[in-house]
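In what follows, a structure is listed as structure tokens, so that the remarks can point back to it.
The values are calculated or read from the model by the stated rules, or taken from the named source; none is laboratory data. Predicted model only: the values in this text are computed from it and were never measured. Methodologically, a virtual Cβ is constructed for each residue, glycine included, from the backbone with ideal geometry; neighbour enumeration extends over all protein chains shown.
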Amino acid sequence: MTTPHSQAATLRTTLEDYNYHYYVMDDPKVPDAEYDRVFRALKALEAEHPELVTSDSPTQRVGDRPLDEFSQITHRVPMLSLDNVFNHDELMAFDKRLQERLVKQRDVEDVEVVDPIEYVCEPKLDGLAVSLMYEDGVLTQAATRGDGQTGEDITHNIRTIDSIPLKLRGEGYPAVLEVRGEVVMPRAGFAALNAKAEAAGEKVFVNPRNAAAGSLRQLDSRITASRPLDMYCYSVGYVEGGDLPGKHYEILQQLNKWGLKLNPEVRINTGAEDCSKYHDYILNKRDELDYDIDGIVYKVNDLRLQDMLGFVSRAPRWAIAHKFPAQEELTTLLDVEFQVGRTGAITPVARLEPVFVGGVTVSNATLHNMDEVQRMDIRIGDTVVIYRAGDVIPKIVKVLLDKRPESAVAIAPPEQCPVCKSAVVQEEGEAVARCSGGLYCHAQVKEAIKHFASRKAMDVDGLGDKLVEQLVDLELISTVADLYRVSAESVAQMERMGDKSAQNLIKALEDSKKTTLPRFLFSLGIREVGEATALNLANHFGTLDAVKEADQEALQAVPDVGPIVALHIGEFFSQPHNVEVVQSLIDVGLYWDEIDIDHSQEKPLEGKTYVLTGTLTLMARDQAKGYLQQLGAKVSGSVSKNTYCVIAGESAGSKLAKAESLGVSVITEQEYVVLLGEYGIEVAV
Ligand code: IVH
């Protein structure tokens, strides 16, 4: 017989299972709507029968009132730190040290010593170490690392993190099990959180680690619940009343079976050379990951060997952190200059005392706009924190106010364009100030021409930035169409050019005349019309004339074109000067093949559900999704028997496996591009 009590228990088990698949395994079992339905059903049942509410119920993650203060918790087993190595040689020396130590001890103890040593390699996550105490499988206490001996009780906040189970799954767990790991804020969530804070005029966080720390340091768990946090577990602490496997890797797998999240990059490697290869592999992948890492941790896999190696002061001998180059450094702001971009946007650029950060020496950093300069109250002479990750443009993230010298100089916004002296205007509600000089401004003309010639636009080989600058400064060209009228003789006169390179450039210009409509539209540099939008416009309208003549409504019918983009397109083609330049380009001989658009076939994929998975290399995921929707298909995040087809990119994982097990058809990204071609959609690859 079903009683409210058994009903509540069933709903809870179902939700816990959905949660596990969604947050821990990254592989949703059901659509979000179904999860919501079950969640609401449990909430309703608990409201009707308050006596049925349990503290580990999925409805009880967020507390309803703030705490007065944090209490301290003494760790039953101290939370240690790690020693570091900074390069390959130091890693080799670490491994050698361990081998020698183990060989010496082999004579004393009766353990077979394996050579080479097996290590578990894990990304060193750049977040906050936490300890989770499970008693009889129920999360009873969570604490920060603190000084390693004592931390703060953050149970109320930890409970709001969806990837942390309030109750362990399955069975066989020790009566008391302390799980340790790192709480991180994913980069995407961090960016969204900061964007929201900025829009509201609030303080932004310097980096995801600070944001994660700030989120866990809340007395009110409702604030923490609103922050995007995740946790990966990496070890166990105190254990009582039960046994764990004898290898670190197996312990991690066991924790995962009990419902805790593991980092997907964790691997076993044998010998230091393979560890080093893993380091290089992850370092290369660093920018693609959705969370910050600051190195690799290598841990001896066999717990008996760990025991033999023991500890030195506060770090284990059996593990080491291999640190990546720092992504944040301190330096001095020497000056601020203003640059004028293609659309006249005036950007303050910081000139810095050169500093080695993120693997390169940085001497410039963008400051985005004057609002940002004012928000940070940055002054010339200030000591600043500079952040550089991967290919991202270096950024000033913080000013150290207590290091400000008395001589520091405030930065005044320019009233005139630094290049053409036209007035600087700032539209209401816009953060960006712009030069009003338009095509009178040499800076804007230069940027427009550089964009026109760039690889993804007209792809004119050999037309470098310096050459464009000289040609404009000497007034040999003032529009993109003029490029096709310059003579080899005048080009040959430019600095660092000769007859041969001038001839080559003229030939490259000639070759660029055969182009495609998407490239041509992109090359015009219409505001907010990037590559993907240009492609959508071309595929939708088929001809340049149709784009030119389209009204606002027609423009907004194009995928990804909203009112603002439509307005920019309309404005561009309403300016006689632009129409003239476009016409001159056609007059000098630019041409492209027509695109067939068959309107009778507009929604050939109507009623079919597609799923995209894995890494796409030929197009952005949004673009891939946009085309499917344009053709009438539905795009879903999870595979079920109702899925019509799965498009699998590189290293597709569980969704691909599921499709295969359900007999759902699977195509590669290349096959998808061919399919799009059949429907008249051309993808620039
Ligand atoms: S193991 C005794 N594994 O690094 C070993 N730590 O300096 C204790 N960390 O406070 C830590 N990722 O916050 C371990 N995969 C990982 C880690 C990791 C990040 C942090 C952790 C700890 C610090 C040690």
T155 meets each of (1) among the hydroxyl-bearing types (S, T, Y); (2) without any contact (Cβ under 8 Å) to a residue 24 or more places away in the chain; (3) within 16 Å of the ligand (Cβ to nearest atom) with one exception, condition (3)
Got a sec? Which helices (runs of 4 or more DSSP H) wholly within the stretch 508-611 have at least 1 residues that are under 29 Å from A488 (Cα atoms)?
-> 517-523, 576-587
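Would you mention how many residues in the stretch 423-446 are among the basic types (K, R) and without any contact (Cβ under 8 Å) to a residue 40 or more places away in the chain?
Restricting attention to the stretch 423-446, the residues satisfying the condition of being among the basic types (K, R) are 434, 446.
Imposing the further condition that a residue be without any contact (Cβ under 8 Å) to a residue 40 or more places away in the chain reduces the set to 446.
Total meeting the criteria: 1.
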All positions within the stretch 18-57 that are hydrophobic (A, V, I, L, M, F, W, C), exposed (fewer than 14 other Cβ atoms within 10 Å of the Cβ) and at pLDDT 90 or above | A44, A47
When every residue in the stretch 257-280 that is more than 13 Å from the ligand (Cβ to nearest atom) and among the charged types (D, E, K, R) is compared, the one nearest to Q99 (Cα to Cα) is E273
Here the residues within the stretch 1-17 that are surrounded by 17 or more Cβ atoms within 10 Å (Cβ to Cβ) and over 17 Å from R159 (Cα atoms) are A8, L11, T14
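Just to check your reading of the model, which residue among D136, D153, D95 is surrounded by fewer than 17 Cβ atoms within 10 Å (Cβ to Cβ) and among the acidic types (D, E)?
Testing whether each residue is surrounded by fewer than 17 Cβ atoms within 10 Å (Cβ to Cβ) and among the acidic types (D, E) leaves just D136.
Here is a yes/no grid of residues against (1) out of contact with any helix residue (DSSP H, G or I) (no Cβ under 6 Å at 6 or more places or on another chain); (2) buried (at least 20 other Cβ atoms within 10 Å of the Cβ); (3) not aromatic (F, W, Y):
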position: Q630; (1), (2), (3): yes, yes, yes
position: K634; (1), (2), (3): yes, no, yes
position: S638; (1), (2), (3): yes, no, yes
position: T643; (1), (2), (3): yes, yes, yes
position: I647; (1), (2), (3): no, yes, yes
position: S651; (1), (2), (3): yes, no, yes
position: L662; (1), (2), (3): yes, no, yes
position: V666; (1), (2), (3): no, no, yes
position: G677; (1), (2), (3): yes, no, yes
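For the stretch 92-116, which positions are within 16 Å of the ligand (Cβ to nearest atom) and either at pLDDT below 90 or under 26 Å from E182 (Cα atoms) (or both)?
Looking only at the stretch 92-116, we keep the residues that are within 16 Å of the ligand (Cβ to nearest atom), and these are 94, 98.
Of everything in the stretch 92-116, just one residue is within 16 Å of the ligand (Cβ to nearest atom) and either at pLDDT below 90 or under 26 Å from E182 (Cα atoms) (or both), namely F94.
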Looking at the stretch 43-51, is at least one residue in a loop (DSSP other than H, G, I, E, B), over 30 Å from D280 (Cα atoms) and within 16 Å of the ligand (Cβ to nearest atom)?
-> no
Being in contact with an Asp or Glu (Cβ under 7 Å, 6 or more places away or on another chain) and within 30 Å of Q575 (Cα to Cα) is the filter here, so list the residues in the stretch 482-515 that pass it.
-> A508, S512
